[in-house]
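Student: My questions will all concern the structure given below.
The values are calculated or read from the model by the stated rules, or taken from the named source; none is laboratory data. Every value quoted in this text rests on a predicted model; they were computed, and no experiment measured them. So basically every Cβ, Gly included, is an ideal-geometry build from the backbone, and we count neighbours across all protein chains shown.
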Amino acid sequence: MPERYPGYDVLAKRATPSWNEPTRRVIDARLSIPNEPRFFTMQEWETLTAICDRIVPQPKDRAPVPIAALVDRKMTNDERDGYRQASMPKMQQAWQRGLAALDAAARASHGAPFHAIAAVKQDVLLKAMQNGELSGPEWNGMPAHTFFSERLAHDILAAYYSHSSSWNEIGFGGPASPRGYVRMNFNRRDSWEAVEAKPGHEAAARKANERVG
Amino acid sequence: MLDEALHSPRGKDGRAPDPLRVGGWMPMRQYGENDEVDFAIVGTGAGGGTLACKLAEAGFSVVGFDAGAWWRPLEEFASDETHQEKLFWTDERICDGDNPLKLGSNNSGKAIGGSTVHFAMVSLRFRPEWLKSRSLLGYGADWPLDWREMWRYYTEVEQALKIAGPVNYPWGPPRPRYPYRAHELNAAALVLAKGCEAMGIPWSETPLATVSAPRGRSPPCVYRGFCVSGCSTNAKQSALITWIPRAVKAGAEIRDLAMAGRIETNDAGYVTGVHYYREGQWRFQRARNVVVAGYAIETPRLLLSSANSQFPDGLANSSGLVGKNLMAQTNQAAWGVMEDEIRWYKGPPSLAVTEHWNYTDTGKDFFGGYAYMSQGPLPRAWVSSLAGNRGLWGDALLRAMEKYNHQAGLKIVGEVLPQERNRVALADEKDRYGLPIARVTYSLCDNDKALVKHALNFMSQSLSVVGARDIWTESDDTCHLNGTARMGDDPRTSVVNADCRSWDIPNLWVCDGSVFPTVGGVNPSLTIQAIACRTADRIRAMAAQGSL
Ligand SMILES: Cc1cc2nc3c(=O)[nH]c(=O)nc-3n(C[C@H](O)[C@H](O)[C@H](O)COP(=O)(O)OP(=O)(O)OC[C@H]3O[C@@H](n4cnc5c(N)ncnc54)[C@H](O)[C@@H]3O)c2cc1C
Ligand code: SF4
């Protein structure tokens, strides 16, 4: 998949009027978290990291977003959503139980922990979880499909799309206070927004994106 | 980080934060807990904040309580969806029913200013007939209010917030011109406008509570698009920067990080004040009147958990209706990909609206109406729609996300019918204050589903006629919460009367989204504020007659 916004980097705007001081502090802290668990055990962490690689397969040519660490920090700080379905345990327990149950499913069908089986087999198990086809005592009544949608995919994707690398990928303008935007109509771009590469014009887009700021 | 306001209260020692200045303070009157104040108001959002202001300006002694923090947006709001979750009510709630609600960021705020700190600013009036929907349209329940009177209070609120809106509004009885000119449309809004024109229905610029020209210390909106994460420029006319500073100036005291846990009653069956938790301990404020304004979940929760031997089913609950008839408006969408670049992250999310299906009664196989608006979800909100509704992950998800800047969408605010089975009750689980948490049960009825089906069909067509591709519909989303302490004419079938006064306990009031008997197809906050203005006028009149 060729990049749609080659060379665009939201962070190039860090020192411009698109970023205010609170935003710099918040994003700087997020971009510097160590890629290691604080909440999850090593075994849980290996499973979680493997899941993140399947839910968001990241390009090889840039530093990966530490998705698992971002999810881990949400658990460490017990940052809840404000609600849970009656069939679900609280956030931290849901994750612990779900990771153990997925690992158990991998061991039962492939004789190896989830992180050690092939990617295609991991996908089959994740799909089965999403469809609610996994069950057993490890789940302790928690519906697999609810865990998948309300916790697993929900938390992993929220973590990924809170990181500036994901914003570059989709051409999102990123932080925008106090400068905001001026050009609002169809196909209008402020000079501090990403340039989209039309097929065959990637090099020109890259050059233009290097001037965004 | 940037969360000092969450840890120690700021409204104390005779001063309060001035949200319009960096590091600013304003003097604030302070009452003793033994002073029997005229009004203790729980919640400082659209309902409570407005009422606190109006009552203080009328000369009553007022103390407002809010569980949330007192922010200074200029220095404490980041342009970041994740960080700004600090504005939401994220204490646990349990959801069940056929359509369990998704709460948190989606519905309710916890801050001085309530949910208006992160609301999307859409400021619409009710269609007049909705106030008598049972008699005139054959469904729901009648309100004990007259639309002509409401029309005057709408005007008052539109002036107070300097709503930016169109010169002529296409629907309903004439209304005065909006105080500020409408905002420029972004491409996402133009997709709505073109679609409406192709489908032969009117559309309008959305009346919005963000200024289009300078107002005092509010600069005009800069179109940064983070509105539902809080406005860091103060262009947004939230209760935090409008009603609350006015209230403080008029002599109200507002206490932040103050969680009300129980309302006290005496042997005569009157309320005497509020127990609240602040700075590590439970305290008690004496008051001649208590107003509950915690929004449609926390209001019934507080009334129910204040049950005592005299009122074993909770306060104001002789009708058995406290917590019942919860209405979460439907919020379904049609999404499509345009050839053009849209870049919907620019500008307030809903710059264009059509109320056609609110004001048209033919061609519908359901009761009620809906408005639909253009959309501009930021990446986290957008991925949650894509993954949540279409189950996408892996490469398929990344490919869909890549079309972000070409995406356009239309989303309804849909009327739902009041149903007693949709309710807020108390769960066994306790929160960090030791109070029972809310259990929220929600199921759509056939009429709600028929409305959604009609809307999705119409909006999909309207996207298709302007050239959108890959159209898909989001069928599982809800937004504003209302009901749970409805107003009415009859103590057997309502909790409060037209003045928001409870039938059972004459000095206990409810003034927020909970009092709605029906919801209509528009966002509720303008109506909540108009009702609060009316309630204040009624209280002033009753006090003058000695009937308070
Ligand atoms: C993302 C989003 C977008 C929205 N967009 C719009 C829009 O565009 N237009 C519109 O009209 N509406 C919108 N709304 C809805 C609107 O914000 C609410 O309907 C409105 O604010 C409700 O007013 P309220 O007074 O009932 O409650 P709120 O404004 O929520 O205020 C309730 C306050 O009470 C406090 N509280 C509750 N219980 C207690 C207690 N026990 N002790 C102390 N304090 C307590 C809470 O902390 C909160 O601050 C939106 C909401 C959200 C979440
Ligand atoms: S778009 Fe306007 S109202 Fe919304 S956050 Fe930005 S400045 Fe505030």
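Student: What residue, among those in segment A:136-147 that are in a helix (DSSP H, G or I) and touching a residue at least 40 places away in the same chain (Cβ under 8 Å), is nearest to the other protein chains (Cβ to nearest Cβ)?
Tutor: Taking segment A:136-147 as the starting set, the residues that turn out to be in a helix (DSSP H, G or I) are A:137-139, A:144-147.
Among the residues that remain, those that are also touching a residue at least 40 places away in the same chain (Cβ under 8 Å) are: A:138-139, A:144, A:146-147.
Numbers: A:E138: 22, A:W139: 19, A:A144: 13, A:T146: 9, A:F147: 14 Å.
By that ranking, first place goes to A:T146.
Student: State all residues of segment A:166-213 that are closer than 24 Å to B:K236 by Cα and in contact with a Ser or Thr (Cβ under 7 Å, 6 or more places away or on another chain); if no residue qualifies, say none.
Tutor: A:G174, A:P175, A:A176, A:S177, A:P178, A:R179, A:W192
Student: Inspect all residues belonging to segment B:49-57 and state whether any of them is in a loop (DSSP other than H, G, I, E, B) and either within 14 Å of chain A (Cβ to nearest Cβ) or over 19 Å from the mean Cα position of the chain (by Cα) (or both). Working first, answer last.
Tutor: Applying the first criterion (in a loop (DSSP other than H, G, I, E, B)) to segment B:49-57 yields none.
Checked segment B:49-57: no residue is in a loop (DSSP other than H, G, I, E, B) and either within 14 Å of chain A (Cβ to nearest Cβ) or over 19 Å from the mean Cα position of the chain (by Cα) (or both).
Student: Can you tell me which residue is nearest to the chain's Cα centre (by Cα) among those in segment A:181-207 that are under 12 Å from A:Y5 (Cβ atoms) and touching a residue at least 60 places away in the same chain (Cβ under 8 Å)?
Tutor: Step by step, filter segment A:181-207, then rank; the result is A:A194.
Student: Of B:A198, B:A188, B:A193, which residue is within 15 Å of ligand 2 (Cβ to nearest atom) and in a helix (DSSP H, G or I)?
Tutor: Values: B:A198 fails: within 15 Å of ligand 2 (Cβ to nearest atom); B:A193 fails: within 15 Å of ligand 2 (Cβ to nearest atom).
Residue meeting the stated conditions: B:A188.
Student: Across segment A:126-135, what is the number of residues that are assigned to a helix (DSSP H, G or I) and either more than 14 Å from every other protein chain (Cβ to nearest Cβ) or at pLDDT below 95 (or both)?
Tutor: Residues that pass the stated criteria total 0.
Student: To continue, here is another question. Which one of B:A209, B:A213, B:A252 is within 16 Å of ligand 2 (Cβ to nearest atom), of a type in the set (A, V, I, L, M) and more than 22 Å from the chain's Cα centre (by Cα)?
Tutor: Numbers: B:A209 fails: more than 22 Å from the chain's Cα centre (by Cα); B:A252 fails: within 16 Å of ligand 2 (Cβ to nearest atom).
Going through B:A209, B:A213, B:A252 in turn, just one is within 16 Å of ligand 2 (Cβ to nearest atom), of a type in the set (A, V, I, L, M) and more than 22 Å from the chain's Cα centre (by Cα): B:A213.
Student: What pairs come up if the first residue lies in segment B:182-193 and is within 17 Å of B:A235 (Cβ to Cβ) and surrounded by fewer than 24 Cβ atoms within 10 Å (Cβ to Cβ), the second is among the charged types (D, E, K, R) and modelled with pLDDT of 95 or more, and their beta carbons are under 6 Å apart, counting only those six or more places apart or on different chains?
Tutor: Within 6 Å, the pairs are B:A182/B:E205.
Student: Sticking with this structure for a sec: How many of the residues making up segment A:71-119 are in a helix (DSSP H, G or I) and closer than 15 Å to A:D155 by Cβ?
Tutor: Step one: filter segment A:71-119 for residues in a helix (DSSP H, G or I), giving A:71-76, A:91-110, A:114-116, A:119.
Those still in the list that are closer than 15 Å to A:D155 by Cβ too: A:71-76, A:91-99, A:102.
Total satisfying the criteria: 16.
Student: Another question, then. Mind counting the residues in segment B:209-266 that are in a strand (DSSP E or B) and within 27 Å of B:I505 (Cα to Cα)? Talk me through it step by step, then tell me what you get.
Tutor: Quick first cut of segment B:209-266, residues in a strand (DSSP E or B) only: B:210, B:215, B:218, B:236, B:253-255, B:259-265.
Narrowing the set further to residues that are within 27 Å of B:I505 (Cα to Cα) leaves B:253-255, B:259-265.
Counting residues in segment B:209-266 that are in a strand (DSSP E or B) and within 27 Å of B:I505 (Cα to Cα) gives 10.
Student: Also: Which of the following residues is within 13 Å of the chain's Cα centre (by Cα), within 25 Å of B:F88 (Cα to Cα) and at pLDDT 95 or above: A:D28, A:D72?
Tutor: Details: A:D28 fails: within 13 Å of the chain's Cα centre (by Cα).
None of the other options fit; the residue is A:D72.
Student: Take the residues in segment B:358-381 that are among the aromatic types (F, W, Y) and crowded, with 24+ Cβ neighbours inside 10 Å, then tell me which one is nearest to the other protein chains (Cβ to nearest Cβ). So that I can check it myself, show each step before the final result.
Tutor: Just the residues of segment B:358-381 that are among the aromatic types (F, W, Y), to begin with: B:359, B:366-367, B:370, B:372.
Checking the rest, the ones that are also crowded, with 24+ Cβ neighbours inside 10 Å come to B:370, B:372.
Details: B:Y370: 24, B:Y372: 20 Å.
The residue in question is B:Y372.
Student: I'd like the full set of residues that are charged (D, E, K, R) and closer than 30 Å to A:Q85 by Cβ, limited to segment B:47-96. I'd like the intermediate steps shown before the answer.
Tutor: Filtering segment B:47-96 for residues charged (D, E, K, R) gives B:54, B:57, B:66, B:72, B:75-76, B:80-81, B:85-86, B:91-93, B:96.
Matches in segment B:47-96: B:D66, B:D80, B:E81, B:E85, B:K86, B:D91, B:E92, B:R93, B:D96.
Student: Next question, about the same structure. Suppose we filter B:A371, B:A438, B:A381 for residues that are small (G, A, S), touching a residue at least 24 places away in the same chain (Cβ under 8 Å) and farther than 25 Å from B:G521 by Cα; which single one remains? Break it down into steps so the answer makes sense when it comes.
Tutor: Details: B:A371 fails: farther than 25 Å from B:G521 by Cα; B:A381 fails: farther than 25 Å from B:G521 by Cα.
Only one candidate qualifies: B:A438.
Student: Please go through segment B:1-46 and give me each residue that is β-branched (V, I, T), in contact with a strand residue (DSSP E or B) (Cβ under 6 Å, 6 or more places away or on another chain) and in a loop (DSSP other than H, G, I, E, B), ordered by number. Break it down into steps so the answer makes sense when it comes.
Tutor: First pass over segment B:1-46, keeping only residues β-branched (V, I, T): B:22, B:37, B:41-42, B:44.
The next check asks that each one be in contact with a strand residue (DSSP E or B) (Cβ under 6 Å, 6 or more places away or on another chain); those that pass are B:37, B:41-42, B:44.
Passing the criteria: only B:T44.
Student: To continue, here is another question. Can you list the helices (runs of 4 or more DSSP H) found entirely within segment A:154-213 that contain at least 1 residues being facing chain B (nearest Cβ under 8 Å) and within 16 Å of ligand 1 (Cβ to nearest atom)?
Tutor: On the way: elements: A:154-160, A:164-170, A:202-210.
Per the criteria, A:154-160.
Student: The conditions are (1) over 19 Å from B:K110 (Cβ atoms); (2) β-branched (V, I, T); (3) touching a Ser or Thr at 6+ places or on another chain (Cβ under 8 Å), and B:V248 fails exactly one of them. Which is it?
Tutor: (3)
Student: What are the pairs with Cβ atoms under 6 angstrom where one residue, in segment B:446-463, is under 17 Å from B:G521 (Cα atoms) and the other, located anywhere, is of a type in the set (F, W, Y)? Sequence gap at least six, or different chains.
Tutor: B:N447/B:F366; B:N447/B:F367; B:A450/B:F366; B:L451/B:F366; B:A455/B:Y370; B:M459/B:Y372
Student: Return the residues of segment B:152-181 that are surrounded by fewer than 20 Cβ atoms within 10 Å (Cβ to Cβ) and touching a helix residue (DSSP H, G or I) at 6+ places or on another chain (Cβ under 8 Å); say none if nothing qualifies.
Tutor: Listed by number, the residues that qualify are B:E156, B:A160, B:W171, B:G172, B:P173, B:R175, B:P176, B:P179.
Student: May I pose another question? Report, by residue number, each residue of segment A:24-38 that is at the interface with another protein chain (Cβ under 8 Å from one of its Cβ atoms) and in contact (Cβ under 8 Å) with a residue 12 or more places away in the chain. Give the derivation first.
Tutor: Of all residues in segment A:24-38, those at the interface with another protein chain (Cβ under 8 Å from one of its Cβ atoms) come to A:25-27, A:29-30.
Hits for segment A:24-38 are A:I27, A:R30.
Student: Here are the criteria: (1) assigned to a helix (DSSP H, G or I); (2) under 30 Å from A:G213 (Cα atoms); (3) within 10 Å of chain B (Cβ to nearest Cβ). Tell me which single one A:D123 does not satisfy.
Tutor: It is condition (2) that A:D123 fails.
Student: Can you name the number of the only condition in (1) under 30 Å from B:N168 (Cβ atoms); (2) surrounded by fewer than 22 Cβ atoms within 10 Å (Cβ to Cβ) that B:K403 fails?
Tutor: (1)
Student: Any idea which residue in segment B:229-249 is surrounded by the most Cβ atoms within 10 Å (Cβ to Cβ), counting only those that are within 14 Å of ligand 2 (Cβ to nearest atom) and more than 14 Å from chain A (Cβ to nearest Cβ)? First the steps, then the outcome.
Tutor: Initial filter on segment B:229-249 (within 14 Å of ligand 2 (Cβ to nearest atom)): B:229-238, B:240-242.
This time we only want the ones that are more than 14 Å from chain A (Cβ to nearest Cβ), so: B:237-238, B:240-242.
Values: B:Q237: 25, B:S238: 32, B:L240: 30, B:I241: 25, B:T242: 26.
Ranking the candidates gives B:S238 first.
Student: Taking segment B:208-240 as the search range and keeping residues that are within 30 Å of B:H275 (Cβ to Cβ) and hydrophobic (A, V, I, L, M, F, W, C), which one is nearest to ligand 1 (Cβ to nearest atom)?
Tutor: B:A239
Student: If you go through segment B:416-428 one residue at a time, do you hit one that is crowded, with 22+ Cβ neighbours inside 10 Å and within 14 Å of another protein chain (Cβ to nearest Cβ)?
Tutor: Yes, because at least one residue in segment B:416-428 is crowded, with 22+ Cβ neighbours inside 10 Å and within 14 Å of another protein chain (Cβ to nearest Cβ).
Student: Please specify each residue of segment B:94-150 satisfying the condition of being within 16 Å of ligand 2 (Cβ to nearest atom) and part of a strand (DSSP E or B). Can you show your working first?
Tutor: At the first step, the residues of segment B:94-150 found to be within 16 Å of ligand 2 (Cβ to nearest atom) are B:105, B:109, B:111, B:113, B:115-123.
Within segment B:94-150, B:G109, B:A111, B:V122 qualify.
Student: Shifting gears a bit: Consider segment B:86-100. How many of its residues are more than 7 Å from chain A (Cβ to nearest Cβ) and within 21 Å of the chain's Cα centre (by Cα)? Break it down into steps so the answer makes sense when it comes.
Tutor: Taking segment B:86-100 as the starting set, the residues that turn out to be more than 7 Å from chain A (Cβ to nearest Cβ) are B:86-87, B:97-99.
Now restrict to residues that are within 21 Å of the chain's Cα centre (by Cα): B:86-87, B:99.
Looking only at that region, the number is 3.
Student: Further question on the same structure: Look at B:D66 and say whether it is within 28 Å of B:V248 (Cβ to Cβ), within 7 Å of another protein chain (Cβ to nearest Cβ) and under 19 Å from the mean Cα position of the chain (by Cα). Full working, then the answer.
Tutor: On the way: within 28 Å of B:V248 (Cβ to Cβ): yes; within 7 Å of another protein chain (Cβ to nearest Cβ): no; under 19 Å from the mean Cα position of the chain (by Cα): yes.
It is false that B:D66 is within 28 Å of B:V248 (Cβ to Cβ), within 7 Å of another protein chain (Cβ to nearest Cβ) and under 19 Å from the mean Cα position of the chain (by Cα).
Student: Further question on the same structure: Of a type in the set (D, E, K, R), away from ligand 1 (no atom under 11 Å from the Cβ) and in a loop (DSSP other than H, G, I, E, B): does that describe B:D91? Step through it out loud before you land on a result.
Tutor: Values: of a type in the set (D, E, K, R): yes; away from ligand 1 (no atom under 11 Å from the Cβ): no; in a loop (DSSP other than H, G, I, E, B): yes.
So B:D91 fails the test.
Student: May I pose another question? Every residue in segment A:31-44 that is outside any loop (DSSP other than H, G, I, E, B) and buried (at least 20 other Cβ atoms within 10 Å of the Cβ), please. Explain how you work it out, then say what you get.
Tutor: Step one: of segment A:31-44, the residues outside any loop (DSSP other than H, G, I, E, B) are A:31, A:42-44.
Residue satisfying the conditions is A:E44 alone.
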